[in-house]
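Any read-out appearing in this document is the output of simple, stated calculations on the displayed coordinates, not a laboratory observation. The shown structure was predicted, so the numbers you read here are calculated from the model rather than taken from an experiment. Ideal geometry is used to build each Cβ from the backbone, glycine not excepted, and the neighbour counts take in all protein chains shown.
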Amino acid sequence: MNFDDVTQVELSPTDSETEVQTTSSPQKIEVRAGNFHLIFQVDEDKRLSQLHFGAGESELQPIGTNQAFLPFGEPVFDNADSDGNATLEPALQVLHADGNTSTRLEFVGHSSQKLDENVTQTRIELRDPNYPLQVALLFKAYAREDVIEQWAEISHSENGPVVLQKFASAAPVFGPQDTFLTYYRGNWADEMNREEEKLGYGVKTIASRMGSRAHLGFNPSFLLSIGAPAQENEGEIFGGTLAYGGNFEFQFEIAPDHRLRAICGLNPQASQFRLKPNQTFALPAMIWSYSRAGRGELARRFARWGRSYGMREGHKTRDILLNNWEATYFDFDENKLVSLFQGAKDLGMEMFLLDDGWFGNKYPRDSDKQGLGDWQTMQKKLPNGLSFLADEAQKRGLRFGIWLEPEMVNPKSDLFEAHPDWAIQQPGRALHTERNQLTLDLSNPAVRDWMFDTVDGILGENPGISYVKWDCNRTIGQPGSTYLGADEQSHLYIEYYRSYYDVMARLAQKHPNVEIMNCSGGGGRVDYGSLRFAHEFWPSDNTDPLRRVRMQWEYQQFFPNNAIAAHVTDMKKRPLKFAFDVAMSARMGMDMDTSKLSVEEKEFARNAIAQYKTIREVVQLGDIFRLESPYESVRAAQISVASDQNRAVAFAWQLETSKTAPARLVLRGLDAQKRYLVREINLKAGQNAQVGENGQVLSGAVLMQNGVSISLAEQFDSAVLEFSAQD
Ligand code: DGJ
């Protein structure tokens, strides 16, 4: 990933400059990502129509008229039909400099460029015949992953600013079969609840208006299952996820003729953008994938794409860290931390993450009521500073990381006293806090640069810090800026994210060895726009392993497993083995005071950590096949399979006590021809294997047909199985 490119194109992904060639009248423009194709057609009147979205061309249905796939002849991207009417939700709505509210886009040309052996970029140029306004539709097709990345860029040279009132990144058409929408609803400590419904006529909207912690209510990802509700291993299904950390909007409109159009992109609400002449407004990318084998295959495609293109160092495994948040909250000092380091080392962990509460002197950060914004080490708690702690960690063979929340400020802080105008606010309104804090106005370049300098300063002065948990604990309220002019107040949400990305890109470039965990009071910022600058994310403050089974399951639908932080804690006092067996299925860490564990528990944890080290490459980087859904049965199970199919690790969790004899656990994803040694790992001291075939060598075919017998019965029973191919 080239972070330079990211800053240049603002909100959209990297792209290299492409020469646009005007072609007289191409009949078809094809974006081909392996078996996933998006095909457009230029009609005789120069309008661009979508011809096909889905599997290979051989599957194309015959086209009756040019716009057979478009309801009411609506064009792909603008807001006016031939009568100047917008009969359906437009993807683009523009107020021209002279007040004209309609936009008609005509095809000008297109070009295609192979960026490397896997990625092809296509650019389609559209222009309003009556106004100097251009829209470029851009696509990157990833052949190996069957993924298409799509975004748009808008520019003009009218006599004054053009007001962008609506500006989608993508607006594909589906159907005409019944379509089932899956989306993800959440709240603090209750993220990624899967909902599915059949779309009906009219518009269904999934959106965020929360600004900074934008994904608190809905994650910007969805599935569209064609013809029937989504299934794990069969059925035609599309997945879409917007690479954007801020406000988004997905509108699914079914017109009376039953065609579905999905308008996906930035949320235009309170975000009208006055685009000056000769500037380019680049939109964030929608990442699409497609499968004819259900949502399981779709998840594997997104994860493969994510590891290669959507995150930092996606092909590397992550270290096992101990975080002190649930262990201490704000109540710690140097001695306490060093004792936690020792506990981490004794159990075999590899990193320590110091959470909230280490900073502030005039307003010591002893609670969430004060000190946020004052990024100086708190003398009272940590007289020897961060580098001392980093050294103490290093002496024990641990890396050291810190928590930051640089976008926010408590009113009770030096920072706010010095710069009250830096907080997001609106004239005449009493300041409204959330978690006792305000959001800093990143649209102000002085604030943006202060944020970069502050984090850069901490990392520069403390080279022992190699990990940052970047938190963001409130939504944007009262969206006003003391910096933006009166006619640009509605730019705030967008400029905020431009600055956030700018700072994250600069930090990644200057501190390439510092890993970043995105956190937003849990999963309030989980998306591929933010993940470009990070290595992983904190899914939720709910670390109850029972709840985490479903949550991790859903994040795995779109994101790679080495990005999904899963910590063993004592929340809800679940059995330690169950907590480990759930955390071990993703990027495992711990968040507890390990000195409080009994001798037996410590021994179990030490073994579990040692075993995790032997399986983590398969678990974090392998392909996941979900075997038994936590929605459909009292037992859930999944398997991670290495790409060479020589190793695999399966997890099974008993979510409720079973009243019937346990069913056999049938595996997937193995090589039918290979023979695998089956081994149950992570057993408690003295515990008998729960898998009948433990120690046996069986063929992949048998394992995938007959499965293994597994004696889980009581709630919180769980098992971890390792499969190793024998020579
Ligand atoms: C919210 C995060 O989700 C928690 O893990 C923790 O870091 C707190 N913030 C600290 O204030």
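Before moving on, here are some points about what is shown:
- Cβ charges +1 (Lys, Arg) and -1 (Asp, Glu), total dipole of region 526-637, debye: 120 debye
- DSSP bridge orientation in the chain - percent antiparallel, rounded to nearest 5: 80 percent
- Assigned charges on the beta-carbon of Lys, Arg, Asp, Glu; the chain dipole about Cα centre (debye): 1620 debye
- Listed by chain and number, the aspartates and glutamates placed with their C-alpha closer than 16 angstrom to that of Lys140 are Asp5, Asp15, Glu17, Glu19, Glu30, Asp116, Glu117, Glu125, Glu149, Glu153; residues fewer than eight positions away on the same chain are left out.
- Taking all Cα pairs closer than 8 Å and separated by 6 or more residues, the relative contact order of region 204-333 comes to 25 percent.
- Counting DSSP beta bridges with both ends in region 205-295, the antiparallel % (nearest 5): 95 percent
- Rounded if a/c under 1.5, otherwise prolate or oblate - region 303-427, Cα gyration tensor axes: oblate
- Whole-angstrom gap from region 653-674 to region 304-322, using each part's C-alpha centre: 28 Å
- Taking a ≥ b ≥ c as the square roots of the Cα gyration tensor eigenvalues, region 614-727 comes out prolate, since a/c reaches at least 1.5 and a/b is larger than b/c.
- Taking amide H as placed 1.01 Å from N in the peptide plane, the amide H of Phe174 sits under 5 Å from that of Leu260, Arg261, Ala262, each at least 5 places away or on another chain.
- Calculated from backbone phi, Karplus (6.51, -1.76, 1.60) coupling profile of region 229-238 in Hz, x at Gly/Pro: x, 4, 10, 6, 10, 8, x, 7, 8, 10
- The simple Förster model, with R0 at 35 Å and r as the Cβ-Cβ distance, assigns Ala189 and Thr280 a FRET efficiency of 0.30.
- A cut-off under 11 angstrom between Cβ atoms defines the neighbours of Val618, and their net charge, with Lys, Arg +1 and Asp, Glu -1, is -2.
- Cβ crowding within 10 Å ranks Phe174, Phe400 as Phe174, Phe400, fewest other Cβ atoms first.
- Cα-projected label distance for Glu334 with Thr482, points at 7 Å along beta-carbon direction, nm: 3.7 nm
- Percent of Cα pairs exceeding the 16 Å cut-off, where the set is region 356-437: 56 percent
- With bins 20 Å wide beginning at 0, the percent of Cα pairs of the chain falling in each bin runs 17, 49, 30, 4, 0.
- Cβ crowding within 10 Å averaged over residues, with 298-311, 687-700, 149-162 ranked highest first: 298-311, 149-162, 687-700
- For the chain, the relative contact order works out to 10 percent when only alpha carbon pairs closer than 8 Å and six or more residues apart are counted.
- At an R0 of 22 angstrom, the distance between the Cβ atoms of Asn233 and Thr614 translates into a FRET efficiency of 0.15.
- With 21 Å as the limit on Cα-Cα distance, the pairs of Lys602/Lys684; Lys577/Lys674; Lys345/Lys613; Lys395/Lys577; Lys573/Lys684 that go past it are Lys577/Lys674; Lys395/Lys577.
- Long-range amide H partners of Glu106 with built H, under 5 Å: Arg127, Asp128
- Efficiency of FRET from Cβ geometry, Asn436 and Lys198, R₀ 35 Å, rounded to 0.05: 0.25
- Relative contact order of region 195-281, pairs being alpha-carbon contacts under 8 Å that are 6 or more residues apart, as %: 31 percent
- Near Pro662, once Lys and Arg are set to +1 and Asp and Glu to -1 for all other residues with Cβ below 13 Å from its Cβ, the sum equals -1.
- Taking amide H as placed 1.01 Å from N in the peptide plane, the amide H of Leu627 sits under 5 Å from that of Ala637, Gln638, Ile639, each at least 5 places away or on another chain.
- Spin-label pair Asp116-Asn35: with each label point 7 Å from Cα along the Cα-Cβ axis, the two points sit 2.5 nm from one another.
- Cross-link reach list, lysines versus Lys362, counting only Cα pairs under 20 Å and skipping chain neighbours closer than eight places: Lys380, Lys381, Lys412
- Counting Lys and Arg as +1 and Asp and Glu as -1 over every other residue whose Cβ lies under 12 Å from the Cβ of Asn694, the net charge comes to -2.
- For region 456-606, taking Cα atoms only, Rg and Dmax work out to 18.7, 65 Å respectively.
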